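Beneath this line is the structure, given in structure tokens, with notes to follow.
The values are calculated or read from the model by the stated rules, or taken from the named source; none is laboratory data. Since the structure is predicted, the reported quantities are computational estimates derived from the model, not experimental observations. Cβ sites come from the backbone with ideal geometry, for glycine too, and all protein chains shown count toward neighbours. Side chains are part of the model used for accessible areas, which takes the heavy atoms of the whole protein and leaves out ligands, DNA and RNA. Shrake-Rupley method; radii C 1.70, N 1.55, O 1.52, S 1.80 Å.
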Amino acid sequence: MGYLLTASKQHQDKIILLAMGLFMFLAPFSVSGIFQKLTPVPSSVLVTFFTTCLIFFVFLLHIKEREKFEKLNLEQRFYLSSIYLPAVLSVLAAFFNLTYMLSSQYVDYVMQSMPTRMINLTMYFVLFYSFFKLIRFLSEKTLLTITRFYLYGILVVVIVGIWQFLHFMIGYPMLDLNTRSFVHSVKSDVLFNFRLTSLTDEPSYLVPFLIDAIVIGFVVYSKKTKYFWQVLIPSLFVLVFSFSVSGYANLMMLMGFVIVVLLTTKVENKKKIFLYSLYALIPLLLLALFKWDFVLQALQPILGRFDTLFDIQRHSRLYMLVMPIVWLFDYSIVNGIFGFGPGSYWFLNQTKFLYHQGPVSATSNNIYIDLLFEHGVFGFLFLISMFVFVFYRLFRQRNEHKYFLYALILWVHLGITAMYRADFASPRFWVMIIIIFIFMELGKRGIGRNSAIKNN
């Protein structure tokens, strides 16, 4: 056993790289029903458990050298507090609710959904805490390699998405993925009667990963020409043909933010960046100018859905965004302040119904609304404060090193995707958080290296 511990300490870098690399690479597949059903327990849970055990094992190897551990920075501590403190208080509120809520469905929630959510959050806490306590032992190369594994996983999804496009357009052979690739909520004829989903269950699950790849690929690819052809163009292609309203809005909002932040940040070759960006828009402008009818018909899967987009009686997602704010105060002030408990949107799925069809979903697809109902006003305000605080800190540091600027862009992107993907208890959200803090660590090391060079 002693030999094993010694060997493990000698190869800790490889152990962490193997575990985190596997976790990162498989994260994009966590929104695939096919992948999740490969094992009796959802496959993403097993991968997270395996990764957490390995990272925690390495952490225990160094427990006697705790003085060498990296201290969690203020942003990391604030982030963990914003997730876990409200969660613990909402668990206490849930047990208080049991004393006066005469609901068998709520009892079922406390016995089933709440323990599952807390187990997931506990695994992510141990993984996050152990990894960042050990980060001092990892080289910059290892940290960037861990990040690349996530990009590689997304590129597999992109390739399958292009394959799916060829299948729909020319009948290229492909297995039936049983995903929501059909056009819905559109009355008029459409030019493309499909939506790309790749391996994911529906387009809104897919598009956050595509934009993740666009940003992260720009950071990790040293040769931008290679990045352009291998990451940017394929990812944008799949995103366009996903016909996801959320994805289009996400990309436009993020592009708007990037333009504003670049105007206020010291960046090398800033003029070239804006010039090349304008060149890239020329084909789109020409297409819109000379083939406007074609553009309208091609975008009909998007435009045709605007008729019901803001109709709460016909648009189920809007209904699930608005009504939890009302339902939050159904029983007592305790619910309003501390929520119904972690994972309690499942309780709504058992008790509330849409106007035009069956029960509401087990999530609003919006982190802010999910946590408002589950963790109450207290948890909601804590979450918003966390997003604002980390944004403020990164915005102030954006000129100190390029990695802080990259982290800021990813942070804003995460805040945008949180409006249509409530995945804070699933791999993608935590992968993004880890990568953002990895970039912050690389920025801090870069500043230290530059200071040492100047002093010498």
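Results, tabulated for the structure shown:
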| item | result |
| --- | --- |
| When residues of the range 121-151 are limited to those that are of a type in the set (Ser, Thr, Tyr) and in contact with a Phe, Trp or Tyr (Cβ under 6 Å, 6 or more places away or on another chain), the one surrounded by the fewest Cβ atoms within 10 Å (Cβ to Cβ) | Ser130 |
| Matching residues, the range 213-251, being assigned to a loop (DSSP other than H, G, I, E, B) and buried (at least 17 other Cβ atoms within 10 Å of the Cβ) | Tyr221, Phe241, Ser242, Phe243, Ser244 |
| Flag if Ser364 is of a type in the set (Ser, Thr, Tyr) and either on the phi > 0 side of the Ramachandran plot or modelled with pLDDT under 95 (or both) | yes |
| Hey, Glu75 charged (D, E, K, R), part of a loop (DSSP other than H, G, I, E, B) and open to solvent by less than 30 Å² (accessible area, probe 1.4 Å) or not | no |
| Test: Arg398 is out of contact with any His (no Cβ under 8 Å at 6 or more places or on another chain), open to solvent by less than 40 Å² (accessible area, probe 1.4 Å) and farther than 28 Å from Leu26 by Cβ | yes |
| Leading residue by the ranking (farthest from Leu199 (Cα to Cα)) among those in the range 37-54 that are of a type outside the set (A, V, I, L, M, F, W, C) and either surrounded by 13 or more Cβ atoms within 10 Å (Cβ to Cβ) or in contact (Cβ under 8 Å) with a residue 12 or more places away in the chain (or both) | Thr52 |
| Set Thr122, Thr99: member being without any contact (Cβ under 8 Å) to a residue 12 or more places away in the chain, of a type in the set (S, T, N, Q) and within 30 Å of Ile434 (Cα to Cα) | Thr122 |
| Selection within the range 410-424 - open to solvent by 20 Å² or more (accessible area, probe 1.4 Å) and either in a helix (DSSP H, G or I) or of a type in the set (Gly, Ala, Ser) (or both) | Val412, Ala422 |
| Count of the range 92-117 residues which are crowded, with 20+ Cβ neighbours inside 10 Å and among the aromatic types (Phe, Trp, Tyr) | 2 |
| Count of the range 247-294 residues which are under 19 Å from Leu210 (Cα atoms) and modelled with pLDDT of 75 or more | 12 |
| Close pairs from the range 330-352: first of a type in the set (A, V, I, L, M), partner modelled with pLDDT of 85 or more and open to solvent by 10 Å² or more (accessible area, probe 1.4 Å), Cβ under 6 Å, at least 6 apart | Val334/Phe96; Ile337/Val377; Ile337/Phe378 |
| Residues satisfying the stated conditions in the range 222-254, i.e. farther than 17 Å from Tyr420 by Cα and touching a residue at least 40 places away in the same chain (Cβ under 8 Å) | Gln230, Val231, Pro234, Ser235, Phe237, Val238, Phe241 |
| Residue in the range 429-444 that is open to solvent by 50 Å² or more (accessible area, probe 1.4 Å), out of contact with any Ser or Thr (no Cβ under 9 Å at 6 or more places or on another chain) and not in a loop (DSSP other than H, G, I, E, B) present | yes |
| Filter result (under 17 Å from the mean Cα position of the chain (by Cα) and without any contact (Cβ under 8 Å) to a residue 24 or more places away in the chain) within the range 374-387 | Ile384 |
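Yes or no, residue by residue, for (1) more than 21 Å from Val219 (Cα to Cα); (2) touching a Gly at 6+ places or on another chain (Cβ under 6 Å):
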site: Ser364; (1), (2): yes, no
site: His375; (1), (2): yes, yes
site: Arg396; (1), (2): no, no
site: Phe404; (1), (2): no, yes
site: Ala407; (1), (2): no, no
